[in-house]
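First comes the structure, then the notes that go with it.
The values are calculated or read from the model by the stated rules, or taken from the named source; none is laboratory data. Being a predicted model, the structure only gives us computed values, none of them experimental. Neighbour counts are summed over all protein chains in view; Cβ atoms, including those assigned to glycine, are modelled from backbone coordinates with ideal geometry.
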């Protein structure tokens with residue numbers, strides 16, 4: 001019996017985030033990149049020359065391409081809903097980079113479009129797909145170390161001072177760290193904690209008015225079963241969490257780029273420089289999971305397990321960024337396996353991110369209502 005043919009993949013958007021996904025898209029055993037769509041002709045010409053694929057000057061054209069089975073939407077956040085719905089209406093399965101959308105109404109419309117057209121919607125480009133995080137979730141919820149007690153994830157970076165387009169620093173259009181970075185952290189914590197966040201209490205911090213969006217936040221989450229979790233982030237580029245996880249510190253490396261007069265040009269240069277570079281899913285800050293009989297956290301090669309009497313390491317293989325999403329979609333389309341990070345999961349993560357903004361504005365606890373359980 002012959003193997004099913006690979007899924008034919010169309011990539012919507014050729015920005016920096018998409019460039020991180022191209023190695024998995026062009027080397028994975030179960031997908032074949034057949035087309036890309038972008039408004040910039042230079043980006044399209046480069047993709048055609050490098051990969052020999054079809055190019056489209058609009059997402060509408062890409063979504064009508066008969067040689068595309070799945071569209072990965074990697075366009076700006078405020079366009080995710082429009083482009084995902086176009087793909088679904090065109091009969092394509094859809095993967096959407098985080099955040100799924102920028103409002104719950106948009107996310108609901110995306111899910112409705114997928115369900116109405118009989119296609120699959122997957123919330124992707126998230127650090128919860130990292131193999132070590134998936135292993136953390138298995139161990140924390142599997143009972144090996146007793147009851148799950150609490151979860152903490154902290155991350156300090158220079159995100160605010162990398163080259164940014166205006167929409168990337170505009171919270172109204174899905175910009176700023178709460179949408180762009182908390183999506184990762186919320187997904188990590190939800191996957192480990194069982195998915196069902198009961199409430200959110202948060203504060204955001206804006207330390208540089210010229211950069212627009214708040215660049216830091218502190219979040220306290222309570223899960224439905226009472227498990228507590230904290231999420232902390234700063235993108236102001238002083239301390240870097242890499243000092244605690246084995247990476248170089250901020251002081252020891254040259255920044256990729258700093259804010260300047262022509263950030264659009266810097267962004268384009270960064271996109272071109274990163275195209276085709278292999279990017280495995282490594283540690284996203286510092287995540288510590290406390291169970292009844294052990295503490296767990298990521299190590300450079302997998303996980304560290306801290307038990308009474310010592311520490312041991314559990315090796316976990318690395319994967320290219322985007323590989324898990326592509327494999328999950330393939331297994332769902334070809335073999336009928338359920339998606340773990342489906343559109344409802346993405347909506348629930350978005351609900352937490354929106355609650356961070358709301359709680360910071362009102363200085364009140366926000367109780368959630370649209371959470372979904374972690375996959376078994």
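Regarding the range 269-280, can at least one residue be identified that is modelled with pLDDT of 85 or more, touching a strand residue (DSSP E or B) at 6+ places or on another chain (Cβ under 7 Å) and outside any helix (DSSP H, G or I)? Looking through the range 269-280, none of the residues is modelled with pLDDT of 85 or more, touching a strand residue (DSSP E or B) at 6+ places or on another chain (Cβ under 7 Å) and outside any helix (DSSP H, G or I). For residue 38, the conditions (1) buried (at least 21 other Cβ atoms within 10 Å of the Cβ); (2) under 23 Å from residue 333 (Cα atoms) all hold with the exception of (2).
State yes or no: is residue 253 over 23 Å from residue 191 (Cβ atoms), modelled with pLDDT under 70, in the same structural domain as residue 163 (by TED's automatic domain parsing) and surrounded by 12 or more Cβ atoms within 10 Å (Cβ to Cβ)? Before the answer, list the steps.
Working: over 23 Å from residue 191 (Cβ atoms): yes; modelled with pLDDT under 70: yes; in the same structural domain as residue 163 (by TED's automatic domain parsing): yes; surrounded by 12 or more Cβ atoms within 10 Å (Cβ to Cβ): yes.
Here the answer is yes, as residue 253 does meet what is asked.
Taken together, 157, 75, 153 contain a single residue that is buried (at least 22 other Cβ atoms within 10 Å of the Cβ), on the phi < 0 side of the Ramachandran plot and out of contact with any helix residue (DSSP H, G or I) (no Cβ under 8 Å at 6 or more places or on another chain), which is 157. Scanning the range 100-131 for residues that are more than 20 Å from the chain's Cα centre (by Cα) and in a loop (DSSP other than H, G, I, E, B) gives 118, 119.
Listed residues 115, 167; which is over 25 Å from residue 25 (Cα atoms) and without any contact (Cβ under 8 Å) to a residue 40 or more places away in the chain? Lay out the reasoning, then the answer.
Details: 167 fails: without any contact (Cβ under 8 Å) to a residue 40 or more places away in the chain.
Going through 115, 167 in turn, just one is over 25 Å from residue 25 (Cα atoms) and without any contact (Cβ under 8 Å) to a residue 40 or more places away in the chain: 115.
Those residues that are over 16 Å from residue 147 (Cβ atoms) and assigned to a strand (DSSP E or B), I need them from the range 294-304; list them, please. Steps first, answer last, please.
Going residue by residue through the range 294-304, those that are over 16 Å from residue 147 (Cβ atoms) are 297-304.
Within the range 294-304, 297, 298, 299, 302, 303, 304 qualify.
Residues that are buried (at least 19 other Cβ atoms within 10 Å of the Cβ), in contact with a helix residue (DSSP H, G or I) (Cβ under 6 Å, 6 or more places away or on another chain) and at pLDDT 95 or above: does the range 358-365 have at least one? Spell out how you get there, then give the answer.
So the first thing to find is which residues in the range 358-365 are buried (at least 19 other Cβ atoms within 10 Å of the Cβ), and the list is 359-360.
Now narrow it down to the ones that are in contact with a helix residue (DSSP H, G or I) (Cβ under 6 Å, 6 or more places away or on another chain): none.
Scanning the range 358-365, I find no residue that is buried (at least 19 other Cβ atoms within 10 Å of the Cβ), in contact with a helix residue (DSSP H, G or I) (Cβ under 6 Å, 6 or more places away or on another chain) and at pLDDT 95 or above, so the answer is no.
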